[in-house]
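Values quoted throughout were computed directly from the atomic coordinates according to the rules given, and no laboratory measurement underlies them. This is a predicted model, so every value here is computed, not measured. With ideal geometry, Cβ positions are generated from the backbone for all residues, glycine too; neighbour counts draw on all protein chains shown.
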Amino acid sequence: MIVKPKIRGFICITSHPDGCAAHVQEQIDYVKSKGPVEGGPKNVLVIGSSTGYGLASRIVPAFSSGANTLGLFFEKPGSEKRTGTAGWYNSAAFEKAATAEGLFAKSLNGDAFSHEMKHKAIELIKNEMGPIDLVVYSLASPRRIDPDTGEDYRSVLKTTGGEYTNKNLNTDKGIIEEVTIGAASQEEINNTIKVMGGEDWELWINALDDAGVLAPGVKSVSYSYIGPELTWPIYTQGTIGMAKKDLEVTRARINSKLNEKYNGSAFVSVNKALVTQASSAIPVVPLYISILYKEMKEKGLHEGCIEQIQRLFADRLYTNDIPLDEAQRIRIDDLEMRSDIQAAVAKSWDLITTDNIADLADLDGYKQEFLKLFGFGLDGVNYDAETNPETSPASLA
């Protein structure tokens, strides 16, 4: 099959197996270039491991610390008629690269919210890995079925205080237009917290603890975002933000449990705004990212997922004195939130129109990063050649 990108709205409905492999290798090469992370983890569970920050959280410990990894995700395999999802091909490439270096690398595909997936992961850890010393929780799902009640919860991208109107980037047409986001009902807020808050993270930790598969000194980390005030109505103060507040409350409980029982710890890491499959769906945010990319690239400060997570491991998680903010969060959004960067972004935001977007934002960079998520635009890949859409992770083949 010859695979070309087919974009519908904020998603690409095709992905390229060879391109995804090249993207994974690009990230592996970066991690290797930075050298080992001293004292890094050895047995890692990544819940939500197939794209973006979750994928980077699997690559970094494997190729900087020689860690064994178990990755969980919910992706679709390809067939002779259609391609699989990018996360499926990313995981296939990761497993192949890790196994080639003698590392344990297996994956489970299914609903991470379910009791079944927790049971399968625990059995694999018991039988093939040994105690886990790092649990990364990086799920980005729009829905969750409660494993006890069977109730189906859906998250929403809405405000929590009235309608909000601001500029937005129409990525298909490359134009600036206004978007209005409505206010959520209390039920919608509660449902979003149920899907994207800390409940399932805590259920995972409790299940791993009950099964006796956590190692002394175990760490756990989940990811969040804060961003500048211009994005707060739709993010930090919106329904997603309410879920992230719940995540922080949950972190404190998990931290207490891990500290008491294992001399361990739990963290929320606030990360930089990046082009990911999740962020592409949030109104206002793609335009902000496009302007941010331009400013950070001009100052030599730009980072992608792999650079962010390598810095998280090397300069935060595995240091003797982990720097935390006043809310006990790790901050690797520090470069994004520098006063000079945010002042420049705010100035461009006020001035930007469709006519001057090429001067004030990195629209090309945004589009390139978006396509790379699906394996397109990678150097050394022949996109006119046949590729095998049925490529699979070895552990799931």
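What the table below lists for this structure:
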read-out: Inter-label distance, nm, simple model (7 Å from Cα along the C-beta direction), R143/T353; value: 4.3
read-out: D364-A385 pseudo-label distance in nm [points 7 Å out on the Cα-to-Cβ vector]; value: 2.7
read-out: Those lysines that a straight Cα-Cα span of less than 20 Å connects to K367, excepting residues fewer than 8 apart in one chain; value: K4, K6, K167, K173, K272, K294, K297
read-out: Rounded, prolate or oblate (a/c below 1.5 giving rounded, otherwise prolate when a/b exceeds b/c) for segment 279-397 by Cα gyration tensor; value: oblate
read-out: Filter on K96/K118; K32/K76; K81/K120 - keep pairs with C-alpha separation over 27 Å; value: K32/K76; K81/K120
read-out: 16 Å cut-off, amide nitrogen to a point 7 angstrom out along T99 Cα→Cβ, residues in segment 363-397; value: 390-397
read-out: GNM flexibility winner over the chain from D246, D350, D364 (Cα, springs under 10 Å); value: D350
read-out: Mean Cβ count within 10 Å, highest first, over the residues of peptides 51-64, 297-310; value: 51-64, 297-310
read-out: Estimated FRET transfer efficiency (R253, R338; beta-carbon r; R0 30 Å; 0.05); value: 0.40
read-out: Helical mean residue ellipticity (222 nm; -39500 (n - 2.57) per DSSP H run of 4+; nearest 500) of the chain; value: -12000 deg cm²/dmol
read-out: Peptides ranked, highest mean first, by Cβ atoms within 10 Å: ranges 170-181, 371-382; value: 371-382, 170-181
